[in-house]
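Here's the structure, in structure tokens; my notes come after.
The values are calculated or read from the model by the stated rules, or taken from the named source; none is laboratory data. What you are looking at is a predicted structure, and each value in this text was computed from that prediction instead of being measured. Cβ atoms come from the backbone with ideal geometry, glycine included; neighbour counts cover every protein chain shown. Heads up: the accessible areas ignore ligands, DNA and RNA and are worked out on the full protein's heavy atoms, side chains in. Shrake-Rupley method; radii C 1.70, N 1.55, O 1.52, S 1.80 Å.
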Amino acid sequence: MPLLSVQDLSVAFATDDGIVDVVDRVGLELDKGETLGLVGESGCGKSVTALALMGLLPKPSGRITNGKIVLGGHDLLDISPQARRSVRGRRISMIFQEPMTALNPVQRVGNQLMESIRLHRPEANKEEGHAECVKILEQVGIPEPNQRLTEYPHQLSGGMRQRVMIAMALIHVPDILIADEPTTALDVTIQAQILELIADLQESNGMSVIFITHDLAVIAEIADRVCVMYAGRVVEESGARDIFASPMHPYTRGLLNSIPKLEGTPKTQLATIPGLVPSFQNMPSGCRFRNRCTYAESLCADEVPKFRKQGPTHSVACHYWHRQSELSA
């Protein structure tokens, strides 16, 4: 039985133009100790899916309209808001994409860490809480933790703020950590340090990780399985090696082809996927990728492709996934 099972999850937002569906019947599974990579272009629904899992959709505009989120055998959508708050942080935590907006700019780092301790461990006294804060800052590699606890977010570097976010997410050793593009806007050296830190903490704590990114190079390094999202739907899922060795969906292949290659000809244009992710207010009928796909036919406009298993660990939503020879051309 998987640790986390997301079944037919749909999310909608109320806008001035009416109700807009932004996540459409997404299904995910996560085993204990596993790293699941969730990839796709900006605007494809990755972060909204993560916020839905956390119960942090903006209110009152955002709401879950369908599906189940089963954690440890219990559907999180069937429990009370108070019970959901007790799950958030203790069993499932999230590293947000931009720490400068996620951290409170007028609260010291120590106060923000202590807030989580007071919420989930009200019996802990001030001295115990302070010791826990120092311990977790040391664990995430922050030097002089006692000094850092007295500082404000703006006094820390970008990499240091990201480490504080990781510390806040891990202070209660959750079963699942959701990392929403945690290396965005960091330089390459700090990115490598953050990825190594997450991997080390995962191994030492036995956590499962959902890693959200548009960087397939990062996914190749850390993920056990990969889900590819496009326009609010999961279009392909497989083991990380299979995704890179034999992608079945044209969108996945387009993403892989856009990665710069060392053996490529210098100073030549990178391969790109034509067009843009469609607006959620104006989605194409049938397959949502068809307007950008060179293999689309009339069936793609008339019928939504079903998400089907096409191998022991490989699933895809494409009418013409079997055209391997054409896709490889």
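Condition check ((1) over 29 Å from Glu237 (Cβ atoms); (2) of a type in the set (Ser, Thr, Tyr); (3) in contact with a helix residue (DSSP H, G or I) (Cβ under 9 Å, 6 or more places away or on another chain)) across all residues:
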| position | (1), (2), (3) |
| --- | --- |
| His130 | yes, no, yes |
| Leu137 | yes, no, yes |
| Val173 | no, no, yes |
| Leu186 | no, no, yes |
| Glu196 | no, no, no |
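Which residue out of Ile95, Ile69 is of a type outside the set (Phe, Trp, Tyr), surrounded by 21 or more Cβ atoms within 10 Å (Cβ to Cβ) and modelled with pLDDT of 95 or more?
Ile69
Only one residue in Ala167, Ala192 is open to solvent by 30 Å² or more (accessible area, probe 1.4 Å) and over 15 Å from the mean Cα position of the chain (by Cα). Which one?
Sole residue among the options that is open to solvent by 30 Å² or more (accessible area, probe 1.4 Å) and over 15 Å from the mean Cα position of the chain (by Cα): Ala192.
Looking at (1) open to solvent by less than 10 Å² (accessible area, probe 1.4 Å); (2) free of Cβ contacts under 8 Å to residues at least 12 places away in the same chain, which is the only condition Met207 fails?
For Met207, the exception is condition (2).
Filtering segment 33-64 down to residues that are out of contact with any Leu (no Cβ under 9 Å at 6 or more places or on another chain) and hydroxyl-bearing (Ser, Thr, Tyr), which residue is nearest to Ser80 (Cα to Cα)?
Going through the qualifying residues, I end up with Ser61.
Condition check ((1) open to solvent by 10 Å² or more (accessible area, probe 1.4 Å); (2) in contact (Cβ under 8 Å) with a residue 60 or more places away in the chain; (3) more than 23 Å from Phe307 (Cα to Cα); (4) in contact with a Pro (Cβ under 7 Å, 6 or more places away or on another chain)) across all residues:
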| site | (1), (2), (3), (4) |
| --- | --- |
| Phe211 | no, yes, no, no |
| Leu216 | yes, yes, no, no |
| Glu221 | yes, no, yes, no |
| Gly232 | no, yes, no, no |
| Ile243 | no, no, no, no |
| Pro250 | yes, yes, no, no |
| Ser258 | yes, no, yes, no |
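Can you confirm whether segment 261-277 contains a residue that is surrounded by 16 or more Cβ atoms within 10 Å (Cβ to Cβ), under 30 Å from Ser93 (Cβ atoms) and modelled with pLDDT of 90 or more?
No; the residues of segment 261-277 include none that is surrounded by 16 or more Cβ atoms within 10 Å (Cβ to Cβ), under 30 Å from Ser93 (Cβ atoms) and modelled with pLDDT of 90 or more.
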